[in-house]
Amino acid sequence: MVQRTVLTGARVVLPSGISTDATLTVEGTRIAGTASGEAAGDAVRDLSGCWIVPGFVDLHLHGGGGASFSTGTAEEALTVIRTHRAHGTTTMLASTVTGDLDDLARQAAVLSELAEDGELAGVHFEGPFISPHRCGAHQPSLLRDPDPADVRKLIDAARGTARMMTLAPELPGGLESVRLLADSGVLAAVGHTDSTYEATRDAVEAGATVATHLFNAMPSLLHREPGPVAALLEDERITVELIDDGTHLHPAMLQLAFRRAGADRVAFITDAMSAAGMSDGSYALGPMGVEVKDGVARISDGPTAGSIAGSTLTLDHAFRRAVTVDGLGVDQAVRALSTTPARVLGLADRVGSLEAGKDADLVVLDADFRLRGVMRRGAWVVDPQ
């Protein structure tokens with residue numbers, strides 16, 4: 001018999017708005033309904049004083065819990081997945097880091113199996129097809145131009161689970177590779193780029209639809225050289241990633257992106273590396289050594305020493321910061337952390353909002369927006385009791 005779980009008393013963020021008296025019913029792995037009033041079930045939970053929001057969706061995530069997707073082992077990948085699920089991310093892409101093509105292909109093969117098993121939503125290749133002038137925490141010696149044949153090799157290695165690839169479109173082969181990605185059903189993301197405004201517009205016309213961590217690892221917005229930021233913000237076809245950890249972006253820049261793009265075109269990401277959910281100390285991001293101090297990760301040696309190396313962010317903290325520090329509405333935060341990224345991935349029929357028939361993926365937050373519970377496909381990952 002399918003278990004019926006009923007959640008009562010909480011404020012529930014629905015596509016139609018915030019309901020103060022909705023009763024959310026879960027049957028098996030799916031949401032059965034969000035009606036007003038009381039309902040009976042096998043397990044009734046009174047969540048008075050709490051919020052219920054959709055499970056978070058992360059488009060850009062490298063590691064957590066001391067583990068990384070880039071090691072190419074299923075054991076480490078599962079540690080990353082479990083770490084971020086416990087912080088409310090019920091759907092996630094596995095992001096790789098610049099490496100040798102054969103190593104990346106091997107990583108993709110392992111990650112594709114986890115995607116096929118439903119543990120991941122797919123694979124995101126960040127590098128090696130990025131600008132040496134904006135490489136950030138990527139190993140400069142491993143960068144290469146985006147030859148379409150190499151791009152195809154990585155797509156094929158992921159066996160149908162490649163969902164996104166970040167590249168610098170101004171590099172030789174860049175626009176052709178963007179077209180290849182678009183034709184292959186893979187999201188082409190502009191990032192780690194030294195592109196001009198005009199070249200970025202060309203990439204959008206070629207099929208690019210995502211801006212990888214907007215503002216970071218790209219030229220600044222200038223009055224005579226607007227660069228990629230202006231081109232990506234102004235085009236309605238582009239979804240912009242933002243890292244809201246208090247380190248990567250000044251609050252004014254986040255507000256600028258929201259005012260120009262709106263919550264329907266903003267996707268909050270973590271860009272988290274292995275130290276997410278862990279204490280300060282020494283870690284790795286791909287082949288690069290990283291030192292984490294006061295929660296901020298930086299490359300510890302080599303030509304890019306001192307560069308920010310991803311984040312230690314989890315999306316529950318991003319949600320709380322968005323509402324309590326950045327002044328976003330709860331409904332705006334839900335769209336940026338759940339609804340918009342789910343749509344970008346083509347998964348809006350299954351996740352990203354609390355509606356009957358969708359996966360029972362949800363997050364319970366207390367009155368101060370601190371995480372209290374996480375449910376994925378009808379089972380509690382973190383029990384709110």
Note on Ser48: of the conditions (1) farther than 30 Å from Ser279 by Cβ; (2) not in a loop (DSSP other than H, G, I, E, B), unmet is (2)
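Would you call Gly37 at positive phi, surrounded by fewer than 16 Cβ atoms within 10 Å (Cβ to Cβ) and modelled with pLDDT under 95? Outline the logic, then answer.
Values: at positive phi: yes; surrounded by fewer than 16 Cβ atoms within 10 Å (Cβ to Cβ): yes; modelled with pLDDT under 95: yes.
So Gly37 fits the description; yes.
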Exactly one of Val296, Val325, Val330 is assigned by TED's automatic domain parsing to the domain that holds His133, surrounded by fewer than 16 Cβ atoms within 10 Å (Cβ to Cβ) and among the hydrophobic types (A, V, I, L, M, F, W, C), and that one is Val325
Here the residues within the stretch 325-369 that are touching a helix residue (DSSP H, G or I) at 6+ places or on another chain (Cβ under 7 Å) and part of a helix (DSSP H, G or I) are Val330, Gln332, Ala333, Arg335, Ala336, Leu337, Thr340
Is it the case that the stretch 11-33 has a residue that's in contact with a strand residue (DSSP E or B) (Cβ under 8 Å, 6 or more places away or on another chain), more than 19 Å from Asp366 (Cβ to Cβ), charged (D, E, K, R) and modelled with pLDDT of 95 or more? yes
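Against the definition (within 24 Å of Gln107 (Cα to Cα) and under 23 Å from the mean Cα position of the chain (by Cα)), how does Leu154 come out, yes or no? Spell out how you get there, then give the answer.
Working: within 24 Å of Gln107 (Cα to Cα): yes; under 23 Å from the mean Cα position of the chain (by Cα): yes.
In short, yes.
Taking Thr200 as the residue in question, decide whether it is assigned to a helix (DSSP H, G or I), under 23 Å from Ala137 (Cβ atoms) and in the same structural domain as Val266 (by TED's automatic domain parsing).
Details: assigned to a helix (DSSP H, G or I): yes; under 23 Å from Ala137 (Cβ atoms): yes; in the same structural domain as Val266 (by TED's automatic domain parsing): yes.
For Thr200, the condition - assigned to a helix (DSSP H, G or I), under 23 Å from Ala137 (Cβ atoms) and in the same structural domain as Val266 (by TED's automatic domain parsing) - is met.
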Of the listed residues (Glu119, Glu113), the one being of a type in the set (Asp, Glu), under 30 Å from Leu167 (Cβ atoms) and part of a loop (DSSP other than H, G, I, E, B) is Glu119
Residue hits (the stretch 131-189; assigned to a helix (DSSP H, G or I), buried (at least 23 other Cβ atoms within 10 Å of the Cβ) and of a type in the set (Gly, Ala, Ser)) are Gly174, Ser177
Filtering the stretch 240-292 down to residues that are at positive phi and part of a strand (DSSP E or B) yields Gly281
Those residues of the stretch 196-216 which are surrounded by fewer than 24 Cβ atoms within 10 Å (Cβ to Cβ) and not acidic (Asp, Glu) amount to Thr196, Tyr197, Ala199, Arg201, Val204, Ala206, Gly207, Thr209, Asn216
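Quick one: in the stretch 152-187, which of the residues that are among the hydroxyl-bearing types (Ser, Thr, Tyr) and in contact with a Ser or Thr (Cβ under 8 Å, 6 or more places away or on another chain) is nearest to Thr239 (Cα to Cα)?
To start, the set of residues in the stretch 152-187 that are among the hydroxyl-bearing types (Ser, Thr, Tyr) comprises 161, 166, 177, 184.
Next cut, in contact with a Ser or Thr (Cβ under 8 Å, 6 or more places away or on another chain) only: 161, 166.
Working: Thr161: 20, Thr166: 13 Å.
The qualifying residue nearest to Thr239 (Cα to Cα) is Thr166.
Would you confirm whether or not the stretch 311-323 contains a residue that is closer than 27 Å to Arg11 by Cα, hydrophobic (A, V, I, L, M, F, W, C) and touching a His at 6+ places or on another chain (Cβ under 8 Å)? Can you show your working first?
Residues of the stretch 311-323 that are closer than 27 Å to Arg11 by Cα, as a first pass: 313-323.
In the following step, the residues that additionally are hydrophobic (A, V, I, L, M, F, W, C) were identified as 313, 315, 318-319, 322-323.
Filter once more, so that each one left must be touching a His at 6+ places or on another chain (Cβ under 8 Å): 315.
There is at least one residue in the stretch 311-323 that is closer than 27 Å to Arg11 by Cα, hydrophobic (A, V, I, L, M, F, W, C) and touching a His at 6+ places or on another chain (Cβ under 8 Å).
Would a scan of the stretch 103-115 turn up a residue that is touching a residue at least 12 places away in the same chain (Cβ under 8 Å), among the acidic types (Asp, Glu) and outside the structural domain of Phe369 (by TED's automatic domain parsing)?
Within the stretch 103-115, the subset touching a residue at least 12 places away in the same chain (Cβ under 8 Å) is 103-115.
If we keep only those that are among the acidic types (Asp, Glu) as well, we get 103, 113.
Filter again for outside the structural domain of Phe369 (by TED's automatic domain parsing), leaving 103, 113.
Scanning the stretch 103-115 turns up at least one residue that is touching a residue at least 12 places away in the same chain (Cβ under 8 Å), among the acidic types (Asp, Glu) and outside the structural domain of Phe369 (by TED's automatic domain parsing).
Return a yes/no flag: does the stretch 207-215 have any residue that is more than 18 Å from the chain's Cα centre (by Cα), closer than 25 Å to Gly346 by Cα and modelled with pLDDT of 95 or more.
As a first pass, look at the stretch 207-215 and keep what is more than 18 Å from the chain's Cα centre (by Cα): 207.
Those left that are additionally closer than 25 Å to Gly346 by Cα: 207.
After this cut, where a residue has to be modelled with pLDDT of 95 or more as well, the list is 207.
Yes, because at least one residue in the stretch 207-215 is more than 18 Å from the chain's Cα centre (by Cα), closer than 25 Å to Gly346 by Cα and modelled with pLDDT of 95 or more.
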Pairing a residue in the stretch 297-322 that is over 17 Å from Glu126 (Cβ atoms) and modelled with pLDDT of 95 or more with any residue that is polar (S, T, N, Q) and part of a strand (DSSP E or B), where Cβ atoms lie under 9 Å and the two sit 6 or more apart in sequence or on different chains, gives Thr314/Thr89; Leu315/Thr89; Asp316/Thr89
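So if I check each of Val80, Val26, Val97, which one is hydrophobic (A, V, I, L, M, F, W, C), within 25 Å of the chain's Cα centre (by Cα) and not in a loop (DSSP other than H, G, I, E, B)? Steps first, answer last, please.
Working: Val26 fails: within 25 Å of the chain's Cα centre (by Cα); Val97 fails: not in a loop (DSSP other than H, G, I, E, B).
Only one candidate passes the filter, namely Val80.
The values are calculated or read from the model by the stated rules, or taken from the named source; none is laboratory data. All of these numbers come straight from a predicted model, not from anything done at the bench. When we count neighbours, we look across all protein chains shown, and the Cβ atoms used for this are built from the backbone with ideal geometry, even at glycine.
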